[in-house]
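Below you'll find the structure, written out as C-alpha cells, and then a few comments.
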C-alpha cells in the first residue's frame with residue numbers, strides 16, 4: 001500500500017509513544033531528501049528518519065546505518081541550529097492527511113525559549129520537510145525550496161509565511177460516525193462509481209488498498225460496512241495493529257494490519273518502523289545509487305557504446321584484410337608469367353598453380369608494366385598484412401576495455417550508496433573522469449573495506465564490491481593459501497575464503513555469494529571458479545580487477561538472496 005492517511009495515523013501513534021518528551025542530540029542529512037534526527041527518549045537513543053523522497057516519502061524510526069556527507073548541507077545546519085538540544089513536546093497529524101507536525105521547545109543563542117514546528121508533508125513528488133516558527137509561522141528553512149514560479153498557490157522559501165496545502169473537503173474517518181456511512185455511500189452523486197472509490201472520495205486519507213480491504217471485509221455488502229469500518233478505525237486509533245509485509249507474486253505491500261484482499265505471503269513485524277526498514281531498505285538504496293551514480297551510469301554506458309561501435313568497425317576492417325592472401329597470389333602469378341604480358345593490357349587470365357591449376361583473371365593497370373602491376377599487388381598485400389596485426393591488437397585492447405566497463409557497470413548495478421565513492425575514484429584513476437577541483441585541499445579518501453560474511457561453520461568470507469577492492473583483497477589482503485572464487489567468464493566480485501581447506505558447505509556458500517554479486521545474479525546454475533590465491537596473477541598493465549589463473553575447479557550454483565543476507569556480518 002501507499003503511505004496513506006491511515007498508515008500515517010498509526011505511525012504517528014508509534015512515534016508519539018517512542019519519542020514524546022525526548023531530546024534531540026544529533027541531526028544528519030545523509031541524502032538530499034532525507035533527514036536523520038537522533039533523539040534520546042525513554043532511556044534509549046532513537047533514529048527518526050524523515051524522507052521527502054518523491055517515491056519513498058515517509059516518517060519512521062530506523063535501524064539502518066547511513067553514510068553522512070563530509071560537510072552537512074545548509075538545511076541540516078539550520079536544523080541543528082534550531083533543534084539540537086530541543087525537547088519534542090508533541091506529534092500531531094493534520095486531520096487524516098499525510099501532513100505531520102512535530103512541535104519542539106528549545107532555547108536560542110541568548111537562552112530565550114523558542115517554539116518551533118517541523119512539518120513533514122508526504123505528498124509524492126511534492127513531499128517536503130519544513131521548519132517554522134510556531135508564533136509567527138515564518139519558514140526558517142525547507143529541504144525543498146519552491147518559488148512562486150513552480151507553485152502559484154504556495155511560496156515555500158525561507159522567510160515566507162507558511163501556508164498549508166489546499167484543504168480537502170472530506171471527512172476524517174477517525175472523527176465521524178460510522179452510522180452515516182451507509183447513507184453517504186448509497187446517496188453518492190455518481191452511482192456508477194465503485195464503492196471503494198466512493199470511500200476515497202468521502203473520507204480523507206483512505207488509500208486505494210485500504211478502501212479495497214474495507215469492502216473485502218464487508219464481503220462487498222454495503223450493509224455490513226459500517227460495523228467493519230468502525231472496528232477497523234478503532235483498532236488503528238487504539239494501536240491494536242499487526243504490522244504486515246505481504247509478498248505478492250509481482251510486488252510487496254506494507255500495511256498496519258494483515259490486508260486479506262491482497263494475495264501473497266503475510267510476514268508480521270513488531271513495529272511499523274521495523275516493517276518499513278525491511279520494505280524500503282533495498283528499494284531506497286537502489287534509488288540512492290541511481291541518484292549518486294547517475295553520472296557514472298551515463299559515462300559507463302557512453303563509453304561502452306563507443307567501444308562496441310569501434311569493435312564493429314575493426315571487425316569490418318579485419319574482414320577486408322581477408323583479401324590479403326588474394327593480393328599475394330596475384331602478385332606471385334604475375335611475377336611467374338611476366339613473359340606472357342605486355343604493357344597496356346587491362347586484364348590477364350593465368351593458370352593459378354595454388355588452386356588446382358584453375359584459371360584466374362587478374363585486373364591490370366594498362367599504364368603500368370607487368371612488373372609494376374605485380375609490385376602493386378605485393379604492396380597491397382603488405383599493407384593489409386600490416387593492418388591485420390594492428391587491427392588484431394586494437395580488437396584485443398578494445399575487448400579488454402569492453403570487459404572492464406561491463407565489470408564496472410555490474411558493480412554499479414550491485415552497489416550500495418557507500419560503494420559509489422570507490423567506483424568514482426577508480427574511474428578517476430583510470431582517466432574516465434576528472435577529479436572535481438575544490439578550493440579546499442581534500443585528503444585522499446581511504447578505500448572502503450570489503451564486505452564480510454561468515455559461513456555456516458564460522459569461516460570468514462570476504463567480498464570485493466569494486467575493482468579497487470578486488471585488487472586489494474586478492475593481491476594484498478588474502479593469504480597465498482586462501483581460496484579465491486569468481487564467476488566463470490562473467491563480471492562479478494572477487495570472493496576470498498580465509499581458509500586453506502574450507503568445508504564443502506563453505507565452498508558452496510562462498511560460490512553462492514560470488515554468483516549473487518555478479519552479472520548473473522538472477523540466473524540459475526551459474527558457473528563459479530575457485531582456486532588457491534597463489535595461482536592468481538595480474539598481468540602487467542592490466543585494468544583494476546583483472547587477473548588470470550590456472551588449475552581452477554568449477555561449481556554450479558543458483559544465487560540465493562536469503563542465504564547471502566543470512567551470512568552477512
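Labels on offer are (i) 104, 50, 42; (ii) 158, 48, 46; (iii) 115, 62, 53, and the one holding Cα extents along the principal axes in Å computed from this structure is (iii). The modelled label-to-label distance for the pair residue 145/residue 313, using points 7 Å beyond Cα in the direction of Cβ, is 4.5 nm. When each of 351, 210 is scored by the number of other beta-carbon atoms lying within 10 Å, the sequence from fewest to most is 351, 210. Does the range 5-142 come out rounded, prolate or oblate, given a ≥ b ≥ c as the square roots of the eigenvalues of its C-alpha gyration tensor, rounded meaning a/c under 1.5 and, failing that, prolate meaning a/b above b/c? Taking the square roots of the gyration eigenvalues as a ≥ b ≥ c, the range 5-142 is rounded.
Against the chain, whose longest principal axis comes from its Cα atoms, helix 324-336 is set at around 10 degrees.
What are the equivalent ellipsoid semi-axes of the range 259-358, built from the alpha-carbon gyration tensor (square roots of five times its eigenvalues), in whole angstrom, biggest first?
For the range 259-358, the semi-axes come out at 74, 18, 9 Å.
Measuring between their Cα centroids, the range 531-564 and the range 273-297 lie 28 Å from each other. Between residue 185 and residue 110, the modelled labels are 6.0 nm apart [label points 7 Å from Cα along Cα→Cβ]. In terms of the mean number of neighbouring beta-carbon atoms within 10 Å, the peptides 418-430, 512-524 order highest first as 512-524, 418-430. At an R0 of 51 angstrom, the distance between the Cβ atoms of residue 152 and residue 17 translates into a FRET efficiency of 0.80. The shape of the range 249-304 comes out prolate: with a ≥ b ≥ c from the C-alpha gyration tensor, a/c is at least 1.5 and a/b beats b/c.
If packing is taken as the average count of other Cβ atoms within 10 Å, what order do 50-57, 18-25 fall into, highest mean first? Each step should come with its number before you reach the end.
Values: 50-57: 20.2, 18-25: 17.2.
So the order, starting with the most tightly packed, is 50-57, 18-25.
I need the fraction of alpha carbon pairs in the range 451-567 separated by more than 19 Å, rounded to a whole percent. Intermediate results must be reported in sequence, preceding the final value.
On the way: 2530 of 6786 pairs.
Of all Cα-Cα distances in the range 451-567, 37 percent exceed 19 Å.
Ranked for footprinting exposure by Cβ neighbours inside 10 Å, fewest first, 66, 377, 354 give 354, 66, 377. Per-residue extension of 0.36 nm, minus the Cα-Cα distance of residue 164 and residue 436, leaves a gain of 93.9 nm for this segment.
From least to most packed, judged by other beta carbons within 10 angstrom and beginning with the fewest, 504, 303, 213 follow the order 504, 303, 213. Cα gyration tensor of the range 298-412, axes a ≥ b ≥ c as square roots of the eigenvalues: rounded (a/c below 1.5), prolate (a/b > b/c) or oblate? Prolate. With a simple spin-label model that places each label point 7 Å from the Cα along the Cα-to-Cβ direction, the separation between residue 281 and residue 242 comes to 2.4 nm. Taking a quarter of the surface of the Cα convex hull of the range 64-163 gives a mean projected area of 8.1 nm². Full extension of the chain between residue 504 and residue 92 yields a length gain of 142.7 nm, computed as 0.36 nm times the residue separation minus the alpha carbon distance. Enclosing the Cα atoms of the range 177-272 in their convex hull gives a volume equal to 102 cubic angstrom per residue.
Can you compute the label reach from residue 70? Point 7 Å from Cα along the Cβ direction, backbone N cut-off under 18 Å, restricted to the range 284-324. Taking a point 7 Å out along Cα→Cβ of residue 70, the residues of the range 284-324 whose backbone N falls under 18 Å are 292-293. Between residue 406 and residue 335, full extension at 0.36 nm per residue minus the direct alpha carbon distance yields a gain of 20.5 nm. Round to a whole angstrom and tell me the spacing of the C-alpha centers of the range 137-211 and the range 16-54. Computed from Cα coordinates, the inter-centre distance equals 26 Å.
Just so you know, all these numbers are worked out from the coordinates, no wet-lab data involved. Here the structure is a predicted model, which is why all the values come from computation and not from measurement. We place every Cβ from the backbone using ideal geometry, glycine too, and count neighbours over all the protein chains shown.
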